[in-house]
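Below: the structure, in structure tokens.
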Amino acid sequence: MKTYLKLELKKTIFSWRTMISIIIVLASLAIPFLEELRFPYPGLDGVDYYIRISHFSYIGYIGPVVTALIYSTSIIKDKDKGFISKLMEIIDLKTYYKVKLTVNSIVTFIVFAVCHGFMIVWLIMMHGVKAPSADRVNISAFPSIYDHSKIIYIIIILLIVSLSSAAFSTFIFGITTATESRLIAYIVPIFYVILTGVFFSALSLNTVVNFNIIYQFNLVIGNGAKVYNVLIYDLVLFIMGVALLYKFGYKRTSKLYSEN
């Protein structure tokens with residue numbers, strides 16, 4: 001398992017899909033920064049600049065779609081190429097699905113962590129970090145953590161956004177594998193963004209439980225977001241993805257091979 005995991009990780013990390021995903025995420029963060037240079041806001045440090053940029057970024061809309069681009073169709077491709085049959089001569093089916101699930105989560109986490117982390121470090125190097133003050137930028141999520149420590153705040157934002165991306169990618173991975181449709185991998189994230197971010201908000205369905213996936217990918221704009229609420233949502237998405245992979249991926253494929 002370790003050998004296959006290493007090979008699959010290496011192949012996926014350096015794939016063109018991963019490279020394009022990194023470029024898209026970086027661009028969605030960098031474009032607002034370039035706009036900010038034209039109309040600078042005086043007195044902001046690196047953390048506040050990141051927060052301000054996030055308010056004007058489309059990462060919340062683009063991020064969910066990017067998660068599908070990275071790895072969600074990999075099992076379908078393996079089946080189409082007959083690669084799974086060849087792998088079964090070396091590893092068992094359960095190991096195959098475990099590795100696929102692990103690689104999907106790790107690589108998606110890395111893509112978002114690296115992109116957001118690069119932007120945060122770059123802004124801090126340019127503008128430093130100041131102590132929290134009463135005259136602060138608009139903080140929608142976790143204001144008490146921000147007031148305690150900006151560094152802890154930005155680390156938590158980075159970790160949770162990266163975890164959210166991994167959880168949502170697992171959900172999409174499960175749906176794509178269950179339906180055996182590559183098109184579904186790209187349609188569902190767009191539909192989910194519109195459904196939870198536009199229609200649910202318009203119908204006030206995000207009042208008790210906030211299903212808005214846009215906030216999961218851009219916590220800075222998350223109005224009144226709580227850490228435990230965000231993490232529970234991520235956990236539910238992850239469990240649903242794993243359940244779909246198990247039921248309609250592993251179980252279905254296992255039955256197919258047992259019949260043959």
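By how many degrees, between 0 and 90 and to the nearest 10, does the Cα long axis of helix 16-38 differ from the longest principal axis of the chain?
Taking Cα atoms only, the helix is inclined about 10 degrees.
Size of the dipole of region 2-254 about the Cα centre, Lys and Arg at +1 and Asp and Glu at -1 on the beta carbon, nothing else charged, in debye to 20?
With Lys and Arg at +1 and Asp and Glu at -1, about 920 debye.
How far, in degrees from 0 to 90, does helix 59-71 lean away from the longest principal axis of the Cα atoms of the chain, to the nearest 10?
For 59-71 against the chain, the angle is about 20 degrees.
Once you place label points 7 Å from the Cα toward the Cβ at Lys77 and Val129, how far apart are they in nm?
3.8 nm
Just want the ordering: Leu29, Leu203, from fewest to most Cβ atoms lying within 10 Å of their own Cβ.
Taking fewest neighbouring Cβ atoms as first place, the list is Leu203, Leu29.
Here are a few candidate values for mean projected area of the Cα convex hull in nm²: [x] 21.4; [y] 13.6; [z] 15.0. Which one was actually calculated from the structure I just gave you?
Of the labelled values, this structure produces [z].
Once the piece of chain linking Ala243 and Val121 is laid out straight, how much longer is it, given 0.36 nm per residue of separation minus the C-alpha distance between them?
40.2 nm
Could you work out the relative contact order of the chain? I mean the mean sequence separation of Cα pairs under 8 Å and 6+ apart, divided by the number of residues, in percent.
Here the relative contact order equals 28 percent.
Among Ile120, Ser74, Ile194, whose Cα sits farthest toward the positive end of the charge dipole of the chain (+1 at Cβ of Lys/Arg, -1 at Cβ of Asp/Glu, about the Cα centre)?
The listed residue farthest towards the positive side: Ser74.
What value, in deg cm²/dmol to 500, does the helix sum -39500 (n - 2.57) over DSSP H runs of n ≥ 4 give at 222 nm once divided by the residues of the chain?
It lands at -23500 deg cm²/dmol.
For the pair Phe191 and Asn138, what calculated FRET efficiency results from E = 1/(1 + (r/R0)^6), where r is the Cβ-Cβ distance and R0 = 45 Å, to the nearest 0.05?
0.90
Under a point spin-label approximation (7 Å from Cα along Cα-to-Cβ), what is the Ile13-Val114 distance to one decimal in nm?
Distance between label points: 0.8 nm.
Cα axis of helix 227-245 to longest principal axis of the chain: angle in degrees, 0 to 90, nearest 10?
20 degrees
When Trp16, Trp122 are ordered from fewest to most other Cβ atoms inside 10 Å of their Cβ, what list results?
Least to most surrounded, the residues fall as Trp16, Trp122.
Read the figures in this text as sums done on the coordinates, not as results from a lab. What you see is a predicted model, and the numbers here were worked out from it, not measured in a lab. As a convention, Cβ positions derive from the backbone with ideal geometry for all residues, glycine included, and neighbour counts pool all protein chains shown.
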